[in-house]
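Inspection log for the structure reproduced underneath, given as structure tokens.
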Amino acid sequence: YNMKTQFLTSCFVGVLIFFSSICGAQNKASNDSAAIMLKQFYTSYITAEEEPQLTLIKKKYCTKKILNKIAKDEELDADPFLQAQDTDSDWVRTLVISKDAQKPNVYIVSYMDNYTKKRIVNKLLVIKQGQAYKIDDILTY
């Protein structure tokens, strides 16, 4: 009985180690600089409380190209980064950032809207400017 328990325990530990190493490898792949930048952008953008803060955040994380495109849009009725007029800090908890498998430099950012119970999905084009990644276009806008 004791040998059997010991054997099963060591098998279980071996399986755990095996799976955690697989998960670790997957994590590293999705842990790229552009995805990290998007997480920082959305976390600070969603939790920002005033317009001056939002402007600074956009300047830090976005290219002039996308900011000019948004500035020129006179029919804008919702924030193109959020597809919403108001924010809910709860969105940060359900924030998911993934790389588009088909298109290079395209990331899918989504979060759950508690009010509508729907997942809001944005597709963003990310480019590297100098050492930093920046949002260059909102493909869902």
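The values are calculated or read from the model by the stated rules, or taken from the named source; none is laboratory data. Quick caveat, the model's predicted, so the values are computed rather than measured. Every residue, glycine among them, receives a Cβ derived from its backbone with ideal geometry; neighbour counts consider all protein chains shown. Remember, those area values only see protein heavy atoms, side chains included, never the ligands or the DNA or RNA. Shrake-Rupley method; radii C 1.70, N 1.55, O 1.52, S 1.80 Å.
For residue 139 and residue 100 in the same chain, what is the full-extension length gain: residue separation times 0.36 nm, less their Cα-Cα distance, in nm? Spell out each step's value before the answer.
Details: separation 39, 0.36 × 39 = 14.04 nm, distance 1.18 nm.
Taking residue 139 through residue 100 to full extension adds about 12.9 nm, to one decimal.
Label reach from residue 89 (point 7 Å along Cα→C-beta): in segment 42-73, amide nitrogens under 14 Å belong to 43-50. Remark: the residue 115-residue 54 segment gains 19.7 nm on full extension, using 0.36 nm per residue and subtracting the alpha carbon distance. Note on residue 69 and residue 131: their simple-model spin labels are 2.8 nm apart, each label 7 Å out from Cα toward Cβ. A 1.4 Å probe run over the protein chains yields, for segment 62-141, 63 Å² of accessible area per residue, whole-number rounding.
List the trypsin sites (Lys or Arg not before Pro) in segment 36-133 that DSSP assigns to loop (not H, G, I, E or B) and whose Cβ has at most 11 other Cβ atoms within 10 Å. Which are they? Intermediate values should be presented prior to the final figure.
Working: sites: 39, 58, 59, 60, 64, 65, 69, 72, 93, 99, 117, 118, 119, 123, 128; in loops: 117.
Passing both the DSSP loop test and the Cβ count: 117.
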